[in-house]
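The values are calculated or read from the model by the stated rules, or taken from the named source; none is laboratory data. Since the model is a prediction, treat every value here as computed from it, not as a measurement. Glycine also receives a Cβ, built like all others from the backbone with ideal geometry; neighbour counts cover every protein chain displayed. These area figures cover heavy atoms from the full protein model, side chains too; ligands, DNA and RNA do not enter into them. Shrake-Rupley method; radii C 1.70, N 1.55, O 1.52, S 1.80 Å.
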Amino acid sequence: MSSKPDDWPEGVARHVLERTDSTMSEAARLAPQLAGPAWILALEQTAARGRRGREWKHPKGNFSATLVMKPWQGVEHAALYSFVAALALDEALAQLVGPHARLSIKWPNDVLLNGGKIAGILLESLGVGGQISHLAIGIGVNLTEAPGAADVEPGAMAPVSLLGETGTAITPQEFLPFLARAFAKYQRQFDSYGFAPIRTAWLLRAARLGETVIARMSIETVTGRFETIDETGNMILITAEGRRAIAAGDIFF
């Protein structure tokens, strides 16, 4: 571990809960009372959820937290914070496991370790009366245990755990400062210089860049070569019919 494990970023609150329904729900409840950004970590969740309302399994010892914040870049750019979060996750994990583990980022919001899914990211906008005031960034990391095959949809990436792949043992409370510190670093970069440097750094870590992938959306499935991401975070595929921008979807290799 290259730095002090509890070198906490200045001006960021921290709430550690023994048990809650969901850190995303807790973020929505806390947002109106917060003076600044806050991390909410739960050691146990009873109703955790992932993308598109899917159930998120949370075995004991795994990491589940939500950062609730006001997006300085404006709500129209809120989705780009998923790339900030992915870079932060990649860096936090790399600090723990060193250069030998194969970390990569799968569009739009998963982190892979040795080719398996170790972490996922969920973004939700929070507000009252149609006015968005805060952004909730939920992050789940398989620190100690990966979900079983029955808990994963067909064709999805096989889940892995940090402990199982590397032998590294760390508690959620110990992991949170590594992630919070890395997020603060990339957030400062994003807020100061915009998405361009975030995009460049993300592409250096992108899984299957230059290779053929399958994008499954609600109304169609598109196969193409993963060329890049554009300035709005869309995945750009080169298909038999031409260049396609994918704004949202599930990606399969």
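Is it the case that the range 224-235 has a residue that's at pLDDT 95 or above, under 19 Å from the mean Cα position of the chain (by Cα) and in a helix (DSSP H, G or I)?
Looking through the range 224-235, none of the residues is at pLDDT 95 or above, under 19 Å from the mean Cα position of the chain (by Cα) and in a helix (DSSP H, G or I).
Starting from residues that are open to solvent by less than 30 Å² (accessible area, probe 1.4 Å) and in contact with a helix residue (DSSP H, G or I) (Cβ under 7 Å, 6 or more places away or on another chain), keep the ones in the range 221-253 and report whichever is nearest to ALA79 (Cα to Cα).
GLY233
Name the one entry in ARG205, ARG199 that is of a type outside the set (Gly, Ala, Ser), closer than 22 Å to ALA158 by Cα and surrounded by 15 or more Cβ atoms within 10 Å (Cβ to Cβ). Break it down into steps so the answer makes sense when it comes.
Values: ARG199 fails: closer than 22 Å to ALA158 by Cα.
Matching residue, one of ARG205, ARG199: ARG205.
Taking the range 167-183 only, how many residues are out of contact with any strand residue (DSSP E or B) (no Cβ under 7 Å at 6 or more places or on another chain), surrounded by fewer than 18 Cβ atoms within 10 Å (Cβ to Cβ) and part of a helix (DSSP H, G or I)?
Number of matching residues: 1.
Take the residues in the range 88-144 that are polar (S, T, N, Q) and over 15 Å from ALA180 (Cβ atoms), then tell me which one is most open to solvent (accessible area, probe 1.4 Å).
Residues of the range 88-144 that are polar (S, T, N, Q), as a first pass: 95, 104, 109, 114, 125, 131, 133, 142, 144.
Restricting the remaining residues to those that are over 15 Å from ALA180 (Cβ atoms) gives 104, 109, 114, 125, 131, 133, 142, 144.
On the way: SER104: 26, ASN109: 18, ASN114: 49, SER125: 69, GLN131: 133, SER133: 54, ASN142: 10, THR144: 52 Å².
The residue in question is GLN131.
Residues in the range 46-71 that are of a type outside the set (Phe, Trp, Tyr), modelled with pLDDT under 90 and closer than 27 Å to GLY148 by Cα: how many? Break it down stepwise before answering.
Our first condition is that a residue be of a type outside the set (Phe, Trp, Tyr); within the range 46-71, this holds for 46-55, 57-62, 64-71.
Of the ones still in play, those that are also modelled with pLDDT under 90 are 46-55, 57-60, 70-71.
With closer than 27 Å to GLY148 by Cα added as a condition, the list becomes 46-55, 57-60.
So the answer is 14.
Restricting the range 208-220 to residues that are over 21 Å from the mean Cα position of the chain (by Cα) and at pLDDT below 95, which is least open to solvent (accessible area, probe 1.4 Å)? Reasoning before the result, please.
Of all residues in the range 208-220, those over 21 Å from the mean Cα position of the chain (by Cα) come to 210-212, 218-220.
Those left that are additionally at pLDDT below 95: 218-220.
Details: SER218: 114, ILE219: 153, GLU220: 71 Å².
Among those residues, the one meeting the criterion is GLU220.
Mind listing whichever residues of the range 190-207 are touching a residue at least 24 places away in the same chain (Cβ under 8 Å) and assigned to a helix (DSSP H, G or I)?
We begin by selecting, within the range 190-207, every residue touching a residue at least 24 places away in the same chain (Cβ under 8 Å); these are 190-191, 194-196, 198-199, 201-203, 205-207.
Across the range 190-207, the qualifying residues are PHE190, ASP191, PHE195, ALA196, ILE198, ARG199, ALA201, TRP202, LEU203.
Which residues, taken from the range 161-183, are of a type outside the set (Ser, Thr, Tyr) and out of contact with any Phe, Trp or Tyr (no Cβ under 9 Å at 6 or more places or on another chain)? Give the derivation first.
So in the range 161-183, the residues of a type outside the set (Ser, Thr, Tyr) come out as 162-165, 167, 169-170, 172-183.
Hits for the range 161-183 are LEU163, GLY164, GLU165, GLY167, ALA169, GLN173, GLU174, PHE178, ALA182.
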